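Peer 1: This is the structure I want to talk about, given as structure tokens.
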Amino acid sequence: MPVRSPRRKALNVAAVLLLLAPGAALCAAGADPAHGAPETPAPASPAPRSAGVELPAFRSGLWEYRRTFMSPETGKPQVATTRKCADPTLEMREKMETLKKKGCQFAPLKRNSDRYISSWVCQTPNGAMRFRDVLLAKDADSYEDLSETHTRQRVMQQRIEAARRGECPGMGSGAPLTPTRKPPRRP
């Protein structure tokens, strides 16, 4: 049985929290992210509220996420792209609730034009991890999410560019969204 070091455990916790982060998470999505004066999307359903500020509403459908993670070890960006059927607004809400249930403390959400700025602190066995997230809402079909995670040892940065690519395959407009299922593991 492998023995994990506290440092490795902290990195694993950081990686999970980055993936659950409300951009990484305010977003879905991200949503890990503007130019001009884009139209602010009208909320399609209630979004999380904080001090009167609401997150933007995004349309459900087939979304493409391009995640760029700056590796503190190599200093080189690591890029991954994925597509999935998603409701980014719902995923953001659920991810924020998950973090709150884990004891993370959120500062009030701030908005400056098309930028939604959030920050929160989560306690880990190796101390506090601080997060800062800027969600740049372009329209109801795209956003960019920029996030930073601070630990005692390092700062990690992530950028997510998210864009809706259309309806989910096999589903018409207005059809209920079903989650993408993972294929069964092979022995």
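Peer 1: For residues that are open to solvent by 50 Å² or more (accessible area, probe 1.4 Å) and assigned to a strand (DSSP E or B), tally how many sit in the range 115-128.
Peer 2: 3
Peer 1: For R152, are the conditions met, namely being open to solvent by 20 Å² or more (accessible area, probe 1.4 Å) and within 15 Å of M96 (Cα to Cα)?
Peer 2: The answer is no for R152.
Peer 1: Can you pull out every residue in the range 88-114 that is in a strand (DSSP E or B), exposed (fewer than 14 other Cβ atoms within 10 Å of the Cβ) and under 16 Å from the mean Cα position of the chain (by Cα)?
Peer 2: none
The values are calculated or read from the model by the stated rules, or taken from the named source; none is laboratory data. Quick caveat: nothing in here was measured; it's all calculated off a predicted structure. When we count neighbours, we look across all protein chains shown, and the Cβ atoms used for this are built from the backbone with ideal geometry, even at glycine. Only protein heavy atoms, including side chains, enter the accessible area calculation; ligands, DNA and RNA are left aside. Shrake-Rupley method; radii C 1.70, N 1.55, O 1.52, S 1.80 Å.
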